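One structure is given below, encoded as structure tokens.
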Amino acid sequence: MTKKFYLKPSVVAARIALLVGAFPAGAPSDPAVYLKVMMEHVCSVEPSLVELDAAIWEATGTLKFIPSVSELMVILKRQGVQWHRRIMAIQNIAEASSWALKEIAELAAS
């Protein structure tokens, strides 16, 4: 089982600042309120750093305007599901490889 690491608010704030900076023509009407609300929502789902970075990357690469909280949360949820599947696949490969190597060693020994 993988260990869960929680992001510091300063890390989340830095990522959201990148998001806001990526949309220079569409700055929020009140950046402080946008940052506070966005941070509360993002931190409430406790994403990993890779999930948050992937969501910011997707938002800046696909949206024309700065995302609303609900838009970013949909992207963050989608990235969370995708990264969970990827991590599970990697763990399954490692387990299968370990099992295969054990079987090979047993066959070679007999």
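Here is how the numbers come out for the structure above:
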read-out: Region 81-105 residues that are within 26 Å of Ala54 (Cβ to Cβ), paired with ones that are modelled with pLDDT of 90 or more (beta carbon under 7 Å, 6 or more apart); value: Trp83/Ser48; Trp83/Val50; Trp83/Glu51; Trp83/Ala54
read-out: Count of region 1-24 residues which are in contact (Cβ under 8 Å) with a residue 24 or more places away in the chain and either exposed (fewer than 10 other Cβ atoms within 10 Å of the Cβ) or not β-branched (Val, Ile, Thr) (or both); value: 11
read-out: Qualifying positions in region 70-81 - surrounded by fewer than 14 Cβ atoms within 10 Å (Cβ to Cβ) and either of a type in the set (S, T, N, Q) or modelled with pLDDT under 95 (or both); value: Ser70
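The values are calculated or read from the model by the stated rules, or taken from the named source; none is laboratory data. Keep in mind it's a predicted model, so treat the numbers as computed, not measured. A quick note on method: Cβ atoms are made from the backbone with ideal geometry, for glycine too, and the neighbour counts reach across all protein chains shown.
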